[in-house]
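The values are calculated or read from the model by the stated rules, or taken from the named source; none is laboratory data. Keep in mind the model is a prediction, meaning the values are calculated, not measured. No Cβ is skipped: glycine too gets one built from the backbone with ideal geometry, and neighbour counts run over all protein chains shown.
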Amino acid sequence: MTIMDEPRSPERRKQDVLDRLERETDIWVASADGAGVPCLVALWFVWDGEAVWLATRPGNPTGRNLTAGRRTRLAFGDTRDVVLIDGGVEVHTREEVPVAAAEAFRAKTGWDPRGDSATYAYYRVRPHAVQAWHEVRELPQRHLMRNGIWLV
C-alpha cells in the first residue's frame, strides 16, 4: 500500500491479518518479567486457525516471562503495516505439545524442537485483541478483535 491508497475496510484488514499469519515465518514476541523489565524477540511461529504457536527455551527470559505472566503482545515487523496481537499464553512441554501443533511447526519452519538436544517448550497464544492499520488513516478502525471475538 502507499500513502495515497484509500483506507482498507475492516474486513479487508482482517483478511490481511489472517493472510500474514499463514505466510509469515517470524513474529515479534513482547513479554515482561515480574519487575516489569521488558523483553522483545523475534521467533518462528505457526498459526493453527485459532492460536499462534511459538517455541523457545523455557529458561531464557522470553520462556520465563511467558510462563510466569501468561500473556504477550505479538507484532509483525513492518512499521507501515502494523499488526498487534494481544493474547493469553498456555505452556506445553515438548512431551505435552499436541502432535498436530508440533508437526505444523516442523512443516512450516523446518525445525522440530522436540528433537533438539536443548530443552524447548511450546507456547500457545490465543488472541484476545487484534489491531491492524496502515498509516494514520486506518487508526480509527484499527480494532479488529476484542475479548477474543472478531468485530468484523
Flag if residue 52 is in contact with a helix residue (DSSP H, G or I) (Cβ under 8 Å, 6 or more places away or on another chain) and closer than 24 Å to residue 152 by Cα: yes
Every residue from the stretch 77-106 that is in contact with a Phe, Trp or Tyr (Cβ under 7 Å, 6 or more places away or on another chain) and over 14 Å from residue 48 (Cβ atoms): 77, 82, 83, 89, 91, 94
Residue in the stretch 10-49 that is nearest to the chain's Cα centre (by Cα), counting only those that are among the acidic types (Asp, Glu) and farther than 27 Å from residue 139 by Cβ: 48
Boolean, residue 38 is farther than 20 Å from residue 120 by Cβ and modelled with pLDDT of 95 or more: yes
Residue list for the stretch 24-62, filter: without any contact (Cβ under 8 Å) to a residue 60 or more places away in the chain and among the small types (Gly, Ala, Ser): 30, 31, 32, 34, 35, 36, 42, 49
Matching residues in the stretch 18-42 - criterion: being outside any strand (DSSP E or B), among the aliphatic types (A, V, I, L, M) and surrounded by fewer than 18 Cβ atoms within 10 Å (Cβ to Cβ): 18, 35, 37
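For (1) of a type in the set (Ser, Thr, Tyr); (2) touching a His at 6+ places or on another chain (Cβ under 9 Å), each residue gets a yes or a no:
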| residue | (1), (2) |
| --- | --- |
| 47 | no, no |
| 60 | no, no |
| 67 | yes, no |
| 72 | yes, no |
| 81 | no, yes |
| 123 | yes, yes |
| 140 | no, no |
